[in-house]
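J.: Structure below; questions to follow.
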Amino acid sequence: MAEFILEMRHITKDFSGVKALDDVNLTIKKGEIHALCGENGAGKSTLMNVLSGVYPYGTYTGDIVYHGEVCNFNNIRSSEKKGIVIIHQELALIPYLSIAENVFLGNEITPIKGIIDWDETERRARDVLSKIGMGNEDLSQMVNTLGVGKQQLIEIAKALAKEVELLILDEPTAALNDEESNILLELMLKLKEQGITCIMISHKLNEVSRVADSITVIRDGHTIETIEKTDKEIEEDRIIKGMVGRELTNRYPERNSKIGDIVFGVKDWNVYNPSNLKRKVINEVSLNVRSGEVVGLAGLMGAGRTELAMSLFGKAYGENISGEMKKNGKPLSLKSIKDAIDHKIAYVSEDRKRYGLVLPNDLKWNMSLSSLGSRFSKRNVIDENEEIHAAEDYRKIMNIKANSIEQIVGSLSGGNQQKVVLAKWMLSEPDVLILDEPTRGIDVGAKYEIYTVINSLADAGKAVIVISSEMPELLGICDRIYVINEGEIAGELKKEEFSQERIMKLIMNHIGREK
Amino acid sequence: MSNTSLEQKKFAMSNLKQYGMMVALFLIYVIFLVLSDGKNAAPMNINNLVMQNSYVVILSIGMLLCCLTANVDLSVGSVVAFCGAAAAIMVVDYHISIPLTFAVVLIMGVLVGMWQGFFIAVLKVPPFIVTLANMLVFRGLTMVILNGQTKGPLPQGFTQVGAGYMPQIFTQVGGTKVELLAIVAGVFVSVVFILLEMRSRKNKIKHNFAVPPIWQPIIKLAVIIAVLNFITIKLALYMGLPLVLLIMLILILIYSFITNNTVAGRQVYAVGGNMNAARLSGINTDKVMFWVYTNMGFLSALAGIVLAARNASATPKAGDSFELDAIAACYIGGAAVQGGSGTISGAVIGALVMGILNNGMSLIGWSVDIQRVVKGLVLLAAVTVDLYNKRKNS
């Protein structure tokens with residue numbers, strides 16, 4: 001049998017009385033890719049933080065046995081010395097340093113103490129990068145000029161430079177498009193051949209079942225089961241069952257669409273990049289959405305979907321915007337975001353922490369923010385009673401798990417934060433909602449609840465536009481899908497034509513078109 | 001059941017934090033009461049405390065809004081001097097009537113604020129740089145228009161604003177002269193406080209909202225009323241209510257209302273808490289920044305008038321390092337360095353902490369140099385404790 005590289009035994013960790021991990025056991029075989037699955041807040045990241053020394057020895061109970069010996073890591077450095085490297089969801093790259101500098105960040109090559117040998121740094125960086133198929137990159141390039149996909153690879157190069165034996169990846173593909181994810185997954189398989197053991201935390205079950213040799217499911221701080229991959233692929237439904245403790249027979253709630261007239265649409269919409277006015281980001285896009293309809297925008301990352309959505313939302317993005325916008329048959333020209341909100345358009349951004357919430361403030365404060373001037377004030381004086389009532393109502397409607405409406409939103413889980421953002425925009429009583437990656441980084445249970453909310457919005461006659469990088473999600477909840485590529489509409493699919501292959505084909509045909 | 005007790009505990013916690021600085025203020029006062037053999041409780045000294053600190057309080061109110069947006073205004077000291085100088089020149093050299101002078105100078109302050117706001121909000125130059133530059137510009141302009149000389153003396157109608165009193169009704173109580181209006185005002189405001197608290201509590205209960213246990217507001221009111229009447233009685237034993245006290249109170253009320261109860265106030269907090277989220281929620285963030293700095297210009301001009309009035313003259317060095325006092329007051333009063341949190345009452349308490357320190361140390365004869373050391377250390381300690389508490393709680 002293969003030997004174990006790592007055993008975590010009876011790990012228990014609590015945060016001021018709340019048990020985040022309760023007697024968790026995890027064994028990792030040498031040279032395997034081991035996936036950790038579980039809902040948000042199940043304890044996956046906490047477990048990995050215990051392993052990598054983010055939570056130092058003594059703040060948890062239980063043993064970490066690595067290469068047969070018990071290890072007490074006091075900080076990240078002590079675990080890295082043993083060859084355990086963790087790559088967090090939020091990348092730890094310095095944007096204005098070069099690739100080479102980033103690869104050896106915190107691990108500089110210093111033959112004379114404190115003084116960096118740049119020639120050697122460059123040579124070794126080249127070595128490491130060629131291992132991950134980036135041997136041709138310009139090493140002096142600043143990291144901020146690279147896309148997210150490549151940045152993720154640089155993180156892996158960083159780990160390789162530290163002579164990693166056990167690589168931990170926390171949601172490595174969360175911010176990547178399908179193509180970039182593919183490259184990363186292939187690389188993981190390649191690293192496995194070179195003898196590197198990998199632990200990956202992921203919500204994307206299709207990726208997990210593709211690359212993982214075994215899967216440990218964690219729920220509410222307990223290990224539920226470890227599934228070995230034998231000859232068969234691991235079934236996604238089985239993982240989901242373990243994660244949520246129930247069988248999700250249908251990942252997308254049923255809905256009978258009652259589609260009405262066109263509520264909102266644009267014709268020949270053009271948008272230029274504000275930092276480079278020669279670059280056209282959106283080119284001659286025409287689309288529309290009807291009342292009671294959920295319309296998806298599919299496409300690869302960087303296809304321009306977010307830019308399109310934001311340009312529609314009162315020119316929140318873009319310069320020299322041209323084209324014809326109509327709402328309820330009447331031409332509409334929006335000058336500002338406030339203008340868009342006043343005309344009953346809402347945009348829920350893809351990054352709730354950066355663009356959606358004011359994290360140090362509480363639920364009710366955040367929920368009322370976009371309708372302060374209309375619903376929650378009289379002659380510019382805020383009506384706090386109305387605010388409290390509305391917040392209480394929406395806490396119930398959205399099933400937000402919080403102690404009270406006065407809880408700070410920064411302390412909520414991702415799914416609950418997303419619900420607060422949605423509540424904020426529902427309170428502005430929009431006719432048209434644009435939801436940008438509404439389920440990014442949240443767990444299966446919360447996703448289902450968000451889908452239910454989307455359905456009820458559509459049932460109430462709203463026009464909903466959903467942007468998502470997860471194709472199955474779009475296929476599951478939309479009535480119609482526009483495929484966007486390079487800022488243009490690459491095609492449109494009706495419900496009966498829905499399939500992932502069709503979407504990919506439209507994108508590929510568009511990429512290969514004659515320019 | 002456990003839910004309600006948790007809720008109550010949370011109320012107690014949040015209130016405790018809010019009052020932490022007030023307790024510190026009280027302790028500092030008591031320490032100097034002992035060190036100065038009761039000199040700092042003398043009626044004249046209480047009067048001086050109010051008058052000496054009025055301009056820093058006025059500036060702290062404006063500065064708090066800047067701090068809420070995670071910025072500061074370094075130019076206020078210079079703008080204070082410039083506006084004071086302009087007022088003095090208009091009255092002394094050009095014999096312009098005092099009301100007209102005040103109006104013109106206040107408008108000038110607004111224009112100075114707009115000038116800064118234009119660079120900050122429209123041209124997007126960082127506020128730190130804009131206000132640093134204008135600190136130099138307006139200090140220099142002050143020197144130029146004053147020719148490096150002190151301008152004075154100012155007529156009595158002018159000095160009234162900084163050193164005058166509200167109408168006085170003196171009477172004899174047991175052989176001591178007492179000013180009645182101050183006493184009446186103290187009692188009147190106490191009653192208003194009680195009524196307001198009762199109304200707000202009733203309102204909350206009516207709407208089924210959680211209210212803190214009854215002993216909390218009672219203790220709070222008792223403390224407020226005791227402090228308030230201590231001050232008004234002391235003032236009554238001296239010359240009555242200083243005019244600047246009225247100015248300060250009106251400003252505190254107006255700006256507390258703006259920050260707590262208006263859409264505009266919310267928007268300032270939102271811009272400081274998360275600029276991007278605020279913008280995407282339909283808030284015109286540029287406009288908010290513009291008005292925050294315009295407002296600071298207005299309050300700087302007001303403080304300039306009050307300062308010149310109290311000194312009965314305008315000097316080129318007036319208002320030196322006032323910006324630092326105002327910034328320190330905001331942070332001592334619990335404003336977050338990263339923006340988005342802080343209160344007007346906190347900033348005022350912070351200003352009073354600085355004022356009582358200054359006053360107490362002067363009374364016991366410590367040199368200005370040592371006073372700076374102590375004030376610096378207090379600022380460092382207050383912010384450190386605040387940050388440490390926040391980290392522990394998160």
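The values are calculated or read from the model by the stated rules, or taken from the named source; none is laboratory data. In this text, all values refer to a predicted model and were calculated from it rather than measured experimentally. Cβ atoms come from the backbone with ideal geometry, glycine included; neighbour counts cover every protein chain shown.
J.: Do you know which residues across the stretch A:338-348 are buried (at least 23 other Cβ atoms within 10 Å of the Cβ) and farther than 15 Å from A:F264 by Cβ?
T.: Filtering the stretch A:338-348 for residues buried (at least 23 other Cβ atoms within 10 Å of the Cβ) gives A:340-341, A:345-348.
If the condition is that a residue be buried (at least 23 other Cβ atoms within 10 Å of the Cβ) and farther than 15 Å from A:F264 by Cβ, then A:V348 is the only one that fits.
J.: Every residue in the stretch A:349-368 that is farther than 17 Å from A:I337 by Cα, among the acidic types (D, E) and either in a strand (DSSP E or B) or in contact with a helix residue (DSSP H, G or I) (Cβ under 7 Å, 6 or more places away or on another chain) (or both), please.
T.: A:D362
J.: Provide a single number: the residues in the stretch A:484-515 that are farther than 24 Å from A:P253 by Cβ, buried (at least 20 other Cβ atoms within 10 Å of the Cβ) and touching a residue at least 40 places away in the same chain (Cβ under 8 Å).
T.: So the answer is 6.
J.: Name the pairs: first residue in the stretch A:349-368 and facing another protein chain (nearest Cβ under 7 Å) and surrounded by 24 or more Cβ atoms within 10 Å (Cβ to Cβ), second residue among the charged types (D, E, K, R) and in a helix (DSSP H, G or I), Cβ to Cβ under 9 Å, at least 6 apart or on different chains?
T.: A:G356/A:K424; A:L357/A:K424
J.: Would you mind telling me which numbered condition in (1) surrounded by 13 or more Cβ atoms within 10 Å (Cβ to Cβ); (2) in contact with a helix residue (DSSP H, G or I) (Cβ under 6 Å, 6 or more places away or on another chain) B:T171 fails?
T.: Of everything listed in (1) surrounded by 13 or more Cβ atoms within 10 Å (Cβ to Cβ); (2) in contact with a helix residue (DSSP H, G or I) (Cβ under 6 Å, 6 or more places away or on another chain), B:T171 misses just condition (1).
J.: While we're on this one: Collect the residues in the stretch A:406-427 that are touching a residue at least 40 places away in the same chain (Cβ under 8 Å), within 11 Å of another protein chain (Cβ to nearest Cβ) and surrounded by fewer than 21 Cβ atoms within 10 Å (Cβ to Cβ), keeping them in residue-number order.
T.: Listed by number, the residues that qualify are A:E406, A:Q407, A:I408, A:G410.
J.: Could you tell me whether the stretch A:446-469 includes any residue that is under 25 Å from A:L205 (Cβ atoms), assigned to a loop (DSSP other than H, G, I, E, B) and touching a helix residue (DSSP H, G or I) at 6+ places or on another chain (Cβ under 6 Å)?
T.: Looking through the stretch A:446-469, at least one residue is under 25 Å from A:L205 (Cβ atoms), assigned to a loop (DSSP other than H, G, I, E, B) and touching a helix residue (DSSP H, G or I) at 6+ places or on another chain (Cβ under 6 Å).
J.: Of the residues that make up the stretch A:335-343, is at least one in contact with a Phe, Trp or Tyr (Cβ under 8 Å, 6 or more places away or on another chain), part of a helix (DSSP H, G or I) and within 14 Å of chain B (Cβ to nearest Cβ)?
T.: We begin by selecting, within the stretch A:335-343, every residue in contact with a Phe, Trp or Tyr (Cβ under 8 Å, 6 or more places away or on another chain); these are A:337, A:340.
Restricting the remaining residues to those that are part of a helix (DSSP H, G or I) gives A:337, A:340.
Okay, now just the ones that are also within 14 Å of chain B (Cβ to nearest Cβ), so A:337, A:340.
The answer is yes; a qualifying residue exists.
J.: Within the stretch A:388-399, which residues are in a helix (DSSP H, G or I), buried (at least 18 other Cβ atoms within 10 Å of the Cβ) and more than 10 Å from every other protein chain (Cβ to nearest Cβ)?
T.: Within the stretch A:388-399, A:A390, A:A391, A:Y394, A:R395 meet the criteria.
J.: Another question, then. For the stretch B:274-321, give me each residue that is within 14 Å of another protein chain (Cβ to nearest Cβ), surrounded by fewer than 24 Cβ atoms within 10 Å (Cβ to Cβ) and not in a helix (DSSP H, G or I).
T.: B:N284
J.: Suppose we filter the stretch A:78-95 for residues that are under 24 Å from the mean Cα position of the chain (by Cα) and either more than 23 Å from A:L184 (Cβ to Cβ) or aliphatic (A, V, I, L, M) (or both); how many remain?
T.: First, the residues of the stretch A:78-95 that are under 24 Å from the mean Cα position of the chain (by Cα): A:85-95.
The next check asks that each one be either more than 23 Å from A:L184 (Cβ to Cβ) or aliphatic (A, V, I, L, M) (or both); those that pass are A:85-87, A:91-94.
Final tally of qualifying residues: 7.
J.: Quick one: A:D436 ticks every box in (1) closer than 28 Å to B:K206 by Cβ; (2) touching a Ser or Thr at 6+ places or on another chain (Cβ under 9 Å); (3) within 13 Å of another protein chain (Cβ to nearest Cβ) bar one, so which box is it?
T.: Only one criterion in (1) closer than 28 Å to B:K206 by Cβ; (2) touching a Ser or Thr at 6+ places or on another chain (Cβ under 9 Å); (3) within 13 Å of another protein chain (Cβ to nearest Cβ) is unmet by A:D436, namely (1).
J.: Say whether the condition of being over 26 Å from A:N380 (Cα atoms), more than 14 Å from chain A (Cβ to nearest Cβ), surrounded by fewer than 24 Cβ atoms within 10 Å (Cβ to Cβ) and in contact with a strand residue (DSSP E or B) (Cβ under 8 Å, 6 or more places away or on another chain) is met by at least one residue in the stretch B:243-256.
T.: Yes, the stretch B:243-256 contains at least one residue that is over 26 Å from A:N380 (Cα atoms), more than 14 Å from chain A (Cβ to nearest Cβ), surrounded by fewer than 24 Cβ atoms within 10 Å (Cβ to Cβ) and in contact with a strand residue (DSSP E or B) (Cβ under 8 Å, 6 or more places away or on another chain).
J.: A further question on this structure: Checking the structure you have, find out if any residue of the stretch B:322-334 is more than 14 Å from chain A (Cβ to nearest Cβ) and either at positive phi or out of contact with any helix residue (DSSP H, G or I) (no Cβ under 7 Å at 6 or more places or on another chain) (or both).
T.: Checked the stretch B:322-334: at least one residue is more than 14 Å from chain A (Cβ to nearest Cβ) and either at positive phi or out of contact with any helix residue (DSSP H, G or I) (no Cβ under 7 Å at 6 or more places or on another chain) (or both).
J.: Say we look at the stretch A:369-379 and pick out the residues that are within 7 Å of chain B (Cβ to nearest Cβ) and not in a helix (DSSP H, G or I); which of these is nearest to the chain's Cα centre (by Cα)?
T.: Result: A:L372.
J.: In the stretch B:127-179, what count of residues is obtained for those that are touching an Asp or Glu at 6+ places or on another chain (Cβ under 6 Å) and within 19 Å of B:I247 (Cα to Cα)?
T.: Residues that pass the stated criteria total 1.
J.: Now a separate question. Tell me whether the stretch A:218-235 contains one or more residues that are at pLDDT below 85, touching a Leu at 6+ places or on another chain (Cβ under 7 Å) and on the phi < 0 side of the Ramachandran plot.
T.: No, that holds for no residue.
J.: Still on this structure: Looking at A:G38, A:G83, which one is surrounded by 22 or more Cβ atoms within 10 Å (Cβ to Cβ) and touching a strand residue (DSSP E or B) at 6+ places or on another chain (Cβ under 8 Å)? Give the derivation first.
T.: On the way: A:G83 fails: surrounded by 22 or more Cβ atoms within 10 Å (Cβ to Cβ).
Answer to the selection: A:G38.
J.: Now for a separate question. Going by what's in this entry, would A:N385 be described as at the interface with another protein chain (Cβ under 10 Å from one of its Cβ atoms), modelled with pLDDT under 90 and over 28 Å from A:Y451 (Cβ atoms)?
T.: yes
J.: Determine whether the stretch B:201-214 contains at least one residue that is free of Cβ contacts under 8 Å to residues at least 24 places away in the same chain, of a type outside the set (K, R) and away from chain A (no Cβ under 14 Å).
T.: Looking for residues that are free of Cβ contacts under 8 Å to residues at least 24 places away in the same chain, of a type outside the set (K, R) and away from chain A (no Cβ under 14 Å), one finds at least one in the stretch B:201-214, hence yes.
J.: Among the residues of the stretch B:141-148, is there at least one that is buried (at least 24 other Cβ atoms within 10 Å of the Cβ) and either assigned by TED's automatic domain parsing to the domain that holds B:D320 or not in a helix (DSSP H, G or I) (or both)?
T.: Yes, the conditions are met somewhere in the stretch B:141-148.
J.: Test of understanding: among A:I434, A:I442, which residue is within 22 Å of A:N256 (Cα to Cα) and not in a helix (DSSP H, G or I)?
T.: On the way: A:I442 fails: within 22 Å of A:N256 (Cα to Cα).
Of the residues listed, the single one that is within 22 Å of A:N256 (Cα to Cα) and not in a helix (DSSP H, G or I) is A:I434.
J.: Name, by its number, the condition in (1) in the same structural domain as A:E307 (by TED's automatic domain parsing); (2) over 21 Å from A:C478 (Cα atoms) that does not hold for A:N399.
T.: Answer for A:N399: the failing condition is (1).
J.: Continuing with this model, one more query. On the given criteria, is B:L154 on the phi < 0 side of the Ramachandran plot, in contact (Cβ under 8 Å) with a residue 40 or more places away in the chain and assigned by TED's automatic domain parsing to the domain that holds B:G77?
T.: Yes; evaluated as a whole, the condition is true for this residue.
J.: Does A:V294 qualify as being over 23 Å from A:V420 (Cα atoms), under 27 Å from the mean Cα position of the chain (by Cα) and more than 14 Å from every other protein chain (Cβ to nearest Cβ)?
T.: Answer is no for this residue.
J.: Okay, next question. Residue by residue through the stretch A:43-77, note down the ones that are in a strand (DSSP E or B), touching a strand residue (DSSP E or B) at 6+ places or on another chain (Cβ under 8 Å) and under 20 Å from A:V164 (Cα atoms).
T.: A:I64, A:V65, A:Y66, A:V70, A:C71
J.: Could we say that B:V91 is more than 27 Å from B:V130 (Cα to Cα), of a type outside the set (D, E, K, R), at pLDDT 95 or above and buried (at least 21 other Cβ atoms within 10 Å of the Cβ) here?
T.: yes
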